[in-house]
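Beneath this line is the structure, given in C-alpha cells, with notes to follow.
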Amino acid sequence: MSVRIAHAYPGLLSLVFVCLLAGVVGDALISGSPAFYPRAVTFNGTHTAAVVTRVDGSNHTLIFCVRPSAGPAATWQELAVIAHDVSSSSLDVDLDNGFLFQLPDGTLLCAYRHHVRENGGLWNYSIQISSSSNAGATWSFLSTVITTHIGVWEPFFYIATLAPSRLRVLYSAELLDKQQDIVQRDSRDGGRTWSGETARLHKDGSRNGMAGVAELPDRSLVMVFEGFWTGAWNHFTVNSMRSFDGGATWGQPVIVHAPSVASGFDSGSPQIGACPDGSLAAVYMSNEPVSRPGQARAARVNWPDSARIWTIRGRPDPQNASQPVAWAGRAVVPTATEFGYWPGTYLDPTQRTVVAVYQDNAAAAWLSNTTLCP
C-alpha cells in the first residue's frame with residue numbers, strides 16, 4: 001500500500017488561513033476555519049511556533065504558525081504547510097496529532113499521525129515525521145516511526161539531560177482488545193531512523209495515552225498520561241510517573257486526578273510543563289462541573305463532551321527526591337472558553353512561565369493568557 005504525503009511549497013499556501021492575535025480569551029492561532037489539536041513550542045530562544053490541524057472537506061493539512069515576538073503587538077503568522085493529504089472516493093485519510101520539537105542543532109521536527117485506507121481495505125496507521133532546517137519556512141518528509149494495522153496516535157518528543165544522544169518519541173499504541181499502551185522508541189540520528197521499543201506502559205483493562213514529559217532541576221523526568229487507573233473500564237483519569245535514568249525506565253504510576261467512578265465524569269488528555277521555580281504545571285480536560293464539583297451526572301455523556309481545561313500543580317518531595325510528585329491546587333484555566341479540548345503546554349520565552357494551548361468549542365485553536373507557574 002502506498003502512503004502519500006505532500007509537503008510545503010508555494011502552491012499549497014492557498015490552503016492555509018492566516019494566524020492572528022485575538023487577545024480576548026487568548027491568542028487565536030487560526031481565523032476563519034476549524035483548527036484542531038494545537039501544540040506550541042519555543043524555538044531559537046525568543047520565537048514561539050505552533051502546529052494545528054485543519055480539515056476542510058477532503059483536505060487534511062498540518063499548518064505551521066510562528067510568532068516572532070511576544071507582547072500586545074505580536075501577531076501570529078502563517079508560515080508553511082508541514083504535511084497535507086486529500087481524501088477521495090478511493091482513499092480515506094486521517095492526518096492529525098502534530099507535535100513540534102527543536103533539536104539542539106536548530107532543526108525543527110514535527111511528528112504526527114498519518115492514517116490512510118485505500119478502497120475500503122485495512123487502515124494503515126503510521127506515526128511520521130517531517131523536518132525543517134530553515135526555521136519552519138519549508139518542510140520535507142524525514143521518516144516513519146512505525147506503520148501498523150492497529151491504531152497509533154498522539155506522538156510526543158523529548159531529549160533528557162541524562163540521555164543527550166537519544167531523541168525519544170512516545171506514542172499511543174492500540175491493542176486488539178481496545179486496550180492501549182504508551183510506547184517509546186529512540187533515535188540517535190536526529191529522527192532519521194528509529195529503534196525498536198525501548199519502553200512500554202501497559203495496564204490490564206486500561207487505555208493509556210496522551211503522554212507528555214517534563215524535566216525537573218534534579219534531571220529526573222515526570223510523565224503525565226491518561227488511562228483507566230481506578231480499575232473501571234472507560235473511566236479516564238490523569239496519572240503521572242517518574243524516571244531517574246533519562247527515560248530508560250519509569251516508576252510506579254500515581255493518580256494525579258480522578259473523578260469518582262460513581263459521578264460518571266472523566267479527566268484526561270494531560271500535558272505538562274516545568275516551571276522556573278522547580279515545580280510542575282499540568283493541564284488536562286475534564287467534564288466535571290465547575291461550580292459544583294461533587295455533583296453527579298444524571299446520565300453519562302460521551303467523553304469528552306462538555307469538557308473544560310483545568311490545571312494542577314506538582315512538586316517533588318524535597319526531603320525524599322525518589323518519591324512520586326505530589327499534586328495539588330486544581331483549578332479551571334480562567335481564560336479558557338466554556339468547552340475546551342486537547343490542551344498542551346509551552347514555555348513562554350519572555351515571561352518564563354508555562355502557558356496552555358487548547359482547542360475551543362468552535363474548533364478554533366487558542367493560546368491561553370493564563371500564567372500556570374507561580
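The number of residues in the range 186-214 that are closer than 17 Å to Phe99 by Cβ and part of a strand (DSSP E or B) comes to 8.
So is Ala232 in a loop (DSSP other than H, G, I, E, B) and either open to solvent by 10 Å² or more (accessible area, probe 1.4 Å) or modelled with pLDDT of 95 or more (or both) or not? Walk me through it before giving the result.
Values: in a loop (DSSP other than H, G, I, E, B): yes; either open to solvent by 10 Å² or more (accessible area, probe 1.4 Å) or modelled with pLDDT of 95 or more (or both): yes.
So Ala232 passes the test.
Filtered by the rule that a residue be farther than 30 Å from Arg207 by Cβ and open to solvent by less than 50 Å² (accessible area, probe 1.4 Å), the range 137-152 gives Ala137, Trp139. Of all residues in the range 137-165, those being closer than 19 Å to Phe43 by Cα, in a loop (DSSP other than H, G, I, E, B) and not hydrophobic (A, V, I, L, M, F, W, C) number 3. With the structure loaded, tell me whether Gln184 is over 16 Å from Ser269 (Cα atoms), buried (at least 16 other Cβ atoms within 10 Å of the Cβ) and not hydrophobic (A, V, I, L, M, F, W, C) or whether it fails that test. Considered against the rule, which asks whether it is over 16 Å from Ser269 (Cα atoms), buried (at least 16 other Cβ atoms within 10 Å of the Cβ) and not hydrophobic (A, V, I, L, M, F, W, C), Gln184 comes out as yes. For the range 253-270, the candidate set comprises residues that are at pLDDT below 95 and either surrounded by 19 or more Cβ atoms within 10 Å (Cβ to Cβ) or of a type in the set (S, T, N, Q) (or both); within that set, the residue that is farthest from the chain's Cα centre (by Cα) is Ser263.
Being open to solvent by 20 Å² or more (accessible area, probe 1.4 Å), at pLDDT 95 or above and either under 15 Å from Pro324 (Cβ atoms) or not β-branched (Val, Ile, Thr) (or both) is the requirement here; does Gly196 meet it?
On the way: open to solvent by 20 Å² or more (accessible area, probe 1.4 Å): yes; at pLDDT 95 or above: yes; either under 15 Å from Pro324 (Cβ atoms) or not β-branched (Val, Ile, Thr) (or both): yes.
In short, yes.
Name the single residue, out of those in the range 274-291 being modelled with pLDDT under 90 and either among the basic types (Lys, Arg) or surrounded by 21 or more Cβ atoms within 10 Å (Cβ to Cβ) (or both), that is nearest to Thr345 (Cα to Cα). Walk me through how you get there before you give the answer.
Within the range 274-291, the first condition is being modelled with pLDDT under 90, and the residues that meet it are 287-291.
Going one step further and asking which of them are either among the basic types (Lys, Arg) or surrounded by 21 or more Cβ atoms within 10 Å (Cβ to Cβ) (or both), we end up with 287-288.
On the way: Asn287: 20, Glu288: 21 Å.
Once the filter is applied, the top-ranked residue is Asn287.
Asp177 - would you say it is open to solvent by 10 Å² or more (accessible area, probe 1.4 Å), in a loop (DSSP other than H, G, I, E, B), without any contact (Cβ under 8 Å) to a residue 40 or more places away in the chain and more than 30 Å from Asp56 (Cα to Cα)? Walk me through it before giving the result.
Numbers: open to solvent by 10 Å² or more (accessible area, probe 1.4 Å): yes; in a loop (DSSP other than H, G, I, E, B): yes; without any contact (Cβ under 8 Å) to a residue 40 or more places away in the chain: yes; more than 30 Å from Asp56 (Cα to Cα): yes.
In short, yes.
Checking each residue of the range 31-53 against the condition of being modelled with pLDDT under 70 and under 22 Å from the mean Cα position of the chain (by Cα) gives at least one match.
The values are calculated or read from the model by the stated rules, or taken from the named source; none is laboratory data. As the structure is a computational prediction, the values presented were derived from the model and not from experiment. Neighbour counts are summed over all protein chains in view; Cβ atoms, including those assigned to glycine, are modelled from backbone coordinates with ideal geometry. Each accessible area value is taken on the protein alone, full model and side chains, heavy atoms only, with ligands, DNA and RNA left out. Shrake-Rupley method; radii C 1.70, N 1.55, O 1.52, S 1.80 Å.
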